[in-house]
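Novice: Pasting a structure below so you can have a look.
Readers should treat all values here as calculations from the given coordinates under stated rules, not as data from a laboratory. Just so it is clear, the structure is predicted and the values come from calculations on it, not from any experiment. A quick note on method: Cβ atoms are made from the backbone with ideal geometry, for glycine too, and the neighbour counts reach across all protein chains shown.
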Amino acid sequence: MPQLKSQSIVQILLMFLWVGLSLSVISGMFTMLYVSNFEVYEEYIVSIDSFVSISSLLVYYMEIIIFLVWLFQLHKDMKACFSFYPISPWGAMLRMVPVLNIWGLGDTFTTLGRLIERYDTRHGKSIKYSIPFLYITFFGLNYINKWIGRQGEDVSDGSLIWGMAFEIAFAVVIIFMAHHIRIGMISVADANSDKLHRKLDLALVQAVTDFMKSFNDVRRARAWMTDSFARDLYYSSRPNPQNEPTIDEIIQTIGQSKNPSLIHYKIEDYQMIDEETFEVLIYQEFIGKPSEHIIYIAKKHETKWMLDRMVRLHSGIITNVEETEHGSYLIELQSENSHVKIIAGERPDRCKQGDEVKIWAYLDVEQMPMEVQAYILYEAHTRFLG
């Protein structure tokens, strides 16, 4: 497995978290004794409880320091694996600042969980599902502690019990998340060993980011589009075309049409296929249209990188599979809104009639006229999870 520096740090963090949880449980038992039998607590336990409280406080501060170091290194590792990863190490630190962390906690761990989920479904989903519990326990613990602080010596027994409960619950959530991130990152590193510390061509990075920034202005974006990409963009939103317009007509039509405006995008993954072929997985949000994941394929033309094909995720129930005379497979998918034909170079797994599948595929605009939505050509090397 490729070495990730964050893996050794998270092991240390987990050790401190388990120690902290143990001290919290012991302190919770002392709190219950304090509430139920103060005389016994005062005579036998108070000095031990003071020692446990001081130890717990020291461990807590160590946990904060190690957590921040780990979070910083974790995002350095993510950047080493994925040059396009949207959160930088210092950006992750900024998201932990009080007030900003109301947004930052969710954004940081949702982004991380979503990426891990593509390589390790169970651990990625576990991270994402634990985020609401992180908010409840973290902010709940802060509120209870402030409430107890304001009450001073008049603090109620109920407040002490709630404080202990939230402290233990918060520790459990952090241990749960750190554990699943640690295991998930092993899968990420194994699957992306070829990317680790590999620097992408700056011209490629610039081409993709400039295209996305110009997405809503097709005339500006045209500088980074091949003719085949322009056709994909045109046909993807125009089912049942009866003829094939010229490239100039396509660009003019797209420019004049009122397509939904892109308001947010996030580059989530990428894959170098060879020295001249690049795939990038992008999450896109629009006004007046559902959000989507899409793959863009970039090709290098001499020294310039350009967007060459658009790959969409098609899902539905297989209604028919048949082998063509050319040795490929014709797969028909039926979804709620469309009937799609997919031409696959090889028979994908779970491809039999009645199966519900998801297949990444791009439009084959050479097939005219198109039936219903489009003919789709399956890209066998596209490995992003559907």
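Novice: When only DSSP loop residues count, what GluC sites (Glu not before Pro) in the stretch 36-97 have their Cβ near at most 12 other Cβ atoms within 10 Å? Could the numbers behind the result be given before it?
Specialist: Values: sites: E39, E42, E43, E63; in loops: none.
Filter output for the stretch 36-97: empty list.
Novice: So, one more: Expected output is a single nm value to one decimal: the length gained when fully extending between S236 and A203, i.e. 0.36 nm times separation in residues minus the C-alpha distance. What is it?
Specialist: Details: separation 33, 0.36 × 33 = 11.88 nm, distance 2.72 nm.
Between S236 and A203, full extension yields 9.2 nm more.
Novice: What does the convex hull of the Cα atoms of the stretch 1-141 come to per residue, in Å³, rounded to a whole number?
Specialist: 129
Novice: Residue separation times 0.36 nm, minus the C-alpha to C-alpha distance between N37 and E275: what's the value?
Specialist: Gain on stretching N37 to E275: 78.4 nm.
Novice: Now a separate question. If you put +1 on each Lys and Arg Cβ and -1 on each Asp and Glu Cβ, how big is the dipole of the stretch 72-158 around its Cα centre, in Debye rounded to 20?
Specialist: 460
Novice: Obtain the nm distance between the two label points defined at H301 and V19 by a simple spin-label model: each point lies 7 Å from its Cα along the Cα-to-C-beta direction.
Specialist: Once both label points are built, they end up 6.1 nm from each other.
Novice: What spacing in nm lies between the two simple spin-label points modelled at I175 and I294, each 7 Å away from Cα in the Cβ direction?
Specialist: About 4.6 nm, to one decimal.
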